[in-house]
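The structure under discussion appears below in the form of structure tokens.
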């Protein structure tokens, strides 16, 4: 490969990785054109990137230690155990080492588990273990990991399992907790819907096992795998019990990892039932308890029975009641609290008697939550379709469903309506193409059959699809009659049909209904967020939408409105936890708080919250221009990742070329990178879209200022001031522009205006401090430093503010020390380091160049 | 002794010096904690840092800067570890030519050794098309340097290092799987 070619590949790879997985293939198709090789290359690298998660993450130090000290023989890549070929180690746990291996006979990947020595060294123990493992291996259920083989070869005892491409529930919980450290927006618990989904599938697994007479005994997050496609798989059924020697009755039913040496407990006891903790014989109800503990943990973000030592935990399990879940910082449905309480009753006679009862309760709860009072079901796939899907998958892989949407037949006299008919079909095609698991014939092909009187089966054959949607439109004045039929090509059978008699203005709602009917009837598996992407669902939840609009209104009145804005966005989320737009709004509030709403939050507090909220929004709806824009803001101001920011902006424009904030913030981006003229264009575009926005007006002045076009800046300030006489921004930028022109008296006069309107904005104080300093008013400048210093005792003051005054005082050392501190703070002001005129005295210093390098502005 | 900036010649001249120091330090660390357990960390970065300080102190070497030293040390670290791995790997596969005694090399875990040799080869191929990315991996993985330190050594922004790291990883992983 040539370096030039690699550059091209590398560039596409990065752009593709910046997109959500379901958008990548469409993106590459567009970007690569006819270059098949290029596309294959990038796609194989994306696959490698996804697989390479843990690759090279082990620090070399660990390897060095292994090299020098650790000599335990292990299986090696390429080695064969029985007919399985080892690919690599997946790690080790209490049940022994696990390897990824290939079964060449069936051409599939498997997980090969080597049993630990303590188990295989005792023949009796081994025999009993194998007996029970064999019994468990007969379980055949989509939520239970499939055991292919239990065997022995070359002195290794092994179990060959289905290989699960995913993460453990433990890893998922840790992930959620890590996200929580950076944010209170995204709580450290899992989402209610995710929790329920996992619990339900775990309960399904338990029902299947329990009804076959098998008890797990060691249900815990480490033994639950979450497959990428949403399936939950419970591991290691039947492996726990027999690992314990029969002659130790008290320890008989203690889970595997715990008992190593008699009398010594190691590993996890948190999920043990009281009867296990007492060493009593256990039955299926012990699993119900453990599932209760896991469920509690998913909801609360912490385990119910905790303590500093194993014996404290055991005591807590035996004696204490868990903290009620209502204490957690969000509302947990009462029914769910009841379910958990009932699973965690210490006396097993009073607990759920069977896992089936527990499953039934969970199912009812989920169904109730999934269907808001008679409204449109918009919270993800309905239970029934999910179940149908499960049934399908259990039978084996299926091809994605396919469909051709034909143009609707115009039944009106007016031929003008043709456009209307075509448009209707086109909109439905556009909506359906957003679904990854559905093949949709492109418009041109589908429309090529227009007005040709061809039988549906023939259409299906020609377009190679299994289903066809056809329909008709009759339009008279404002009245609309639309019919639609979904037909299976195979037998000509009508899967669904509907007639709508509505007003013209309902046409979008009808389109949405038809789209959803197709999805439901073809039993298309929707990925997360896809359903909402199908429809512009935000206008349906009027209550949440209104709250969102109020939030945006207050956000536009920043800085003072931010607090109110956050309240409204949070209320919208409380109304609908899946309301993606509100998360994007929240992200923007934190973006602002972390950058120039000084003294409220430091960047390291605010910006991760902004990012988390924006990512939540995108997880719910990947086609939200607002959320892509929020991320772009953080990319440039906090990560200093300029190419990521640019890619996000482009993504936002792809989705909505007229989203004002995207133009607004991209104008900042261009200014920061020194592309002044392009920046003005973006500012003007923003102004066009939102002529009465304060920032559309004032920030153009700011960009003129940083482009050193001081007269234009001053002129723009006057224009802004006429529209927004109460805002301090025009006076502030005007002051800075006058200062740069050397008109210090005018600048001070302007600053007096600023100070009248803004009493506690630190960057304004710092601006005045800098102005005093360059005017030779050293004492006044220093008193502002003292004032800022005083303020900083109570709240965050950006180090950048201090740096600016020190520059004015000619104190280079001080300025660099503060800038260095600003760098460590990830100060959002540094994004403008390249263009900020006040820092000019520092530019020739190599330390300044080094700062520019570190924030990737050295070009 | 003056060292020209990061050149191969410099590496060759300095290699014995740094090698000796790293090796000595590693042994000392091992002796101090004879029953090294898995999970106990012998930080390469700590090792390199220590070597740096000692060499600055004692040998009267005028280093251009810290970044340059780290560059060279991480390249050496790669050589040392890969050489060990290769010796072990071939000993196991070739079965005879090299008699492995109970020294460090014998204790190298076999799959790690194979992996490391494969990584070294892949890294060399990567360098042919993307020198900087290969250096990012060398500094980060073999030298134990942080993102900030790597960026400093290469004269680029930390964000560039992160991006290079991510795509280089995908490239190497694919190359090693093939």
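None of the figures in this text is laboratory data; all of them are computed from the coordinates on show. Predicted, not measured: the structure shown is a model, and the values here were computed from it. Reconstructed Cβ throughout: ideal geometry from the backbone, glycine too, with neighbour counts over all protein chains shown.
Tabulated data for the structure shown
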| read-out | value |
| --- | --- |
| Ordering of A:141-147, A:733-739, A:845-851 by packing [mean C-beta count within 10 Å, highest first] | A:733-739, A:141-147, A:845-851 |
| Inter-chain shielding of B:161-173 (mean C-beta neighbours from other protein chains, 10 Å cut-off) | 6 |
| Region A:760-859 - convex hull of the alpha-carbon atoms, volume per residue in Å³ | 89 Å³ |
| Peptide B:154-160 - average C-beta neighbours from other chains (10 Å radius) | 6 |
| Order by protection proxy (mean Cβ within 10 Å, highest first), peptides A:627-633, A:811-817 | A:627-633, A:811-817 |
| Cβ neighbours within 10 Å from other chains - mean over A:35-48 | 2 |
| Pairwise Cα inverse-distance average, inverted: Kirkwood Rh of region A:3-54 (Å) | 11.0 Å |
| Radius of gyration and Dmax over the Cα atoms of region A:401-498, both given in Å | 13.2, 39 |
| By average C-beta atoms within 10 angstrom, highest first, the peptides A:445-453, A:609-617 | A:609-617, A:445-453 |
| At q = 0.17 Å⁻¹, base-10 log of I(q)/I(0) for region A:608-697 (Debye sum, equal scatterers on each alpha carbon) | -0.67 |
